[in-house]
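Note sheet for the following structure.
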């Protein structure tokens, strides 16, 4: 079965095509276009316009790259949510149009669960992980328990990526700020104390963000602040992930989301995993960030386990929670 | 060793001929020394302080015998009892209701003294013959705000929903008694819980 997935929850629009290869996911193509705002954060309507402008082209490009034709596509999936309304509506419309014109079934899927499933699908021996999902909008610790994907910890205010971007914008770095902050942090070993906020399994970043901005105002060195932000936030993320692993007694940890590209975060989670005799997994970069392949793969899993969706039911859900998904493809 | 959690080891030991439990916080090499020391030191200190204060105000907690801040060790009484997590589902309806009421009463007592436990789950309560004991104040703090009390109860609500999903009415029993025993702002705290639920992302 060949599944085509369209992703568009936030700043990226992407089309991926995957195939079921003995229960594993083979990615045939995965084309990603990222909207870069001229200034400030993501403007939802501008992002949606960007997606509308590119989606037809990357659909064609993706099919070409996969070496198939549109007739070979057996299923069309799209990101149903959570995400920005205008963006979701744009790619859902593209998904419906494609599904109707090809006369192939449609499937709206949960973006967060897709991040986890692409890890299980593409990485050997990644079977039942705790996912630390760190992106701009989302920061969640997700694991499978009692027949659902449950959120064991999440941010109480802003996502970690958003925290990094907001700080970056405050000091004049360009979007996306994460990689620049990572680079600057490498130049420092001087830790400035920042609030470390964990409540139960949940985590909060906005206090830390304010404190970091104050350090900057007070003339502290930018690289020292960047280093301190990374060390503090990533330690807290690693701690909640470890708590979830201890609680669920799972022996695998998977990273996902754009911030998973950060080497320091990877290193911390890997160290934690090693100390617990657990396995550490991280998908390739284009499968970590928002991408169409993961949407295609989750759609395929759902379809194969009997889920069906009519075009009439293919509405979007901006607040589509991870634990609302009926997991039919796992025991 | 009795138990190893994510944050600490719980060791069975002897202290002046008594059976005691040592809670030893584990140093983590994934975080820098500075943060590691700060967290272990402040959490050990804060936990001991809160336990002493809870006990002074009539909430059952293990008696503390010794505190070693440098190494992050609290030596405390060894309780012969059962974790509420392990027994709650197997109790009779009446016993369960009773236990939940006791829990509510105790949480109200903590909150009356502005003690926020920080991780109220059924694994952090031990039932002995006569009392529900609260353990693991490692994430606790002193805080008089309605928000903090609401978050504290919300943690328990989620724990009951996930671990005792068949008996989710338990939380209502807890709340009922909590409301009766909280001296100030009981209704506001309960309203706050609803707000926190709504505030959760994508709800």
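The values are calculated or read from the model by the stated rules, or taken from the named source; none is laboratory data. Predicted model, so just to flag it, every value in this text is computed and none were measured. We place every Cβ from the backbone using ideal geometry, glycine too, and count neighbours over all the protein chains shown.
At-a-glance table
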item: Hey, residue A:199 closer than 22 Å to residue B:158 by Cα and in the same structural domain as residue A:242 (by TED's automatic domain parsing) or not; result: yes
item: Residue A:200 crowded, with 22+ Cβ neighbours inside 10 Å, closer than 26 Å to residue B:33 by Cα and within 12 Å of chain B (Cβ to nearest Cβ); result: yes
item: Of the criteria (1) facing chain A (nearest Cβ under 10 Å); (2) buried (at least 22 other Cβ atoms within 10 Å of the Cβ); (3) in contact with a strand residue (DSSP E or B) (Cβ under 7 Å, 6 or more places away or on another chain), which one residue B:115 fails; result: (1)
item: Residues being under 17 Å from the mean Cα position of the chain (by Cα) and buried (at least 17 other Cβ atoms within 10 Å of the Cβ) - total across the range B:30-48; result: 5
item: Members of the range A:122-160 found to be more than 15 Å from the chain's Cα centre (by Cα) and in a helix (DSSP H, G or I), listed by number; result: A:122
item: All positions within the range A:300-319 that are more than 26 Å from residue A:86 (Cβ to Cβ) and touching a strand residue (DSSP E or B) at 6+ places or on another chain (Cβ under 6 Å); result: A:300, A:303
item: Helices (runs of 4 or more DSSP H) wholly inside the range A:228-331 that include at least 3 residues being within 29 Å of residue B:37 (Cβ to Cβ) and under 20 Å from the mean Cα position of the chain (by Cα); result: A:263-275
item: Filter result (surrounded by fewer than 24 Cβ atoms within 10 Å (Cβ to Cβ) and over 22 Å from residue A:77 (Cβ atoms)) within the range A:97-142; result: A:124, A:125, A:127, A:128
item: Which listed residue, of A:141, A:151, A:130, is touching a strand residue (DSSP E or B) at 6+ places or on another chain (Cβ under 6 Å), at pLDDT below 95 and within 26 Å of residue A:242 (Cβ to Cβ); result: A:151
item: Residues located in the range B:118-149, provided they are touching a residue at least 40 places away in the same chain (Cβ under 8 Å), crowded, with 23+ Cβ neighbours inside 10 Å and closer than 15 Å to residue B:178 by Cα; result: B:149
item: Unmet criterion (only one of (1) more than 22 Å from the chain's Cα centre (by Cα); (2) assigned to a helix (DSSP H, G or I)) for residue A:180; result: (1)
item: Residue that is within 30 Å of residue A:105 (Cβ to Cβ) and not assigned by TED's automatic domain parsing to the domain that holds residue A:95, where the choices are A:298, A:254, A:237; result: A:254
item: Selected residue (criterion: nearest to residue A:168 (Cα to Cα)) from residues of the range A:35-69 that are under 19 Å from the mean Cα position of the chain (by Cα) and loosely packed, with under 15 Cβ neighbours inside 10 Å; result: A:41
item: Residue A:274, sole failed condition from (1) more than 20 Å from residue B:25 (Cβ to Cβ); (2) free of Cβ contacts under 8 Å to residues at least 12 places away in the same chain; result: (1)
item: Considering residues of the range B:174-203 that are at pLDDT 90 or above and in a loop (DSSP other than H, G, I, E, B) only, the residue farthest from the other protein chains (Cβ to nearest Cβ); result: B:183
item: One residue from A:9, A:90 being assigned to a loop (DSSP other than H, G, I, E, B), in contact (Cβ under 8 Å) with a residue 40 or more places away in the chain and assigned by TED's automatic domain parsing to the domain that holds residue A:105; result: A:9
item: Residue count, the range B:113-161 (criterion: assigned to a helix (DSSP H, G or I) and on the phi > 0 side of the Ramachandran plot); result: 0
item: Hits in the range B:155-165 - residues which are within 11 Å of chain A (Cβ to nearest Cβ) and farther than 17 Å from residue B:106 by Cβ; result: B:158, B:161, B:162, B:163, B:165
item: Odd one out for residue A:95 among (1) in a helix (DSSP H, G or I); (2) under 18 Å from residue A:311 (Cβ atoms); (3) touching a helix residue (DSSP H, G or I) at 6+ places or on another chain (Cβ under 8 Å); result: (3)
item: Restricting the range B:19-29 to residues that are at the interface with chain A (Cβ under 9 Å from one of its Cβ atoms) and surrounded by fewer than 20 Cβ atoms within 10 Å (Cβ to Cβ), the residue that is nearest to residue A:265 (Cα to Cα); result: B:29
item: For residue A:218: the one exception among (1) over 30 Å from residue B:196 (Cβ atoms); (2) within 14 Å of chain B (Cβ to nearest Cβ); (3) free of Cβ contacts under 8 Å to residues at least 60 places away in the same chain; result: (2)
item: Tally, over the range A:12-26, of residues that are on the phi < 0 side of the Ramachandran plot and either out of contact with any strand residue (DSSP E or B) (no Cβ under 6 Å at 6 or more places or on another chain) or surrounded by fewer than 24 Cβ atoms within 10 Å (Cβ to Cβ) (or both); result: 6
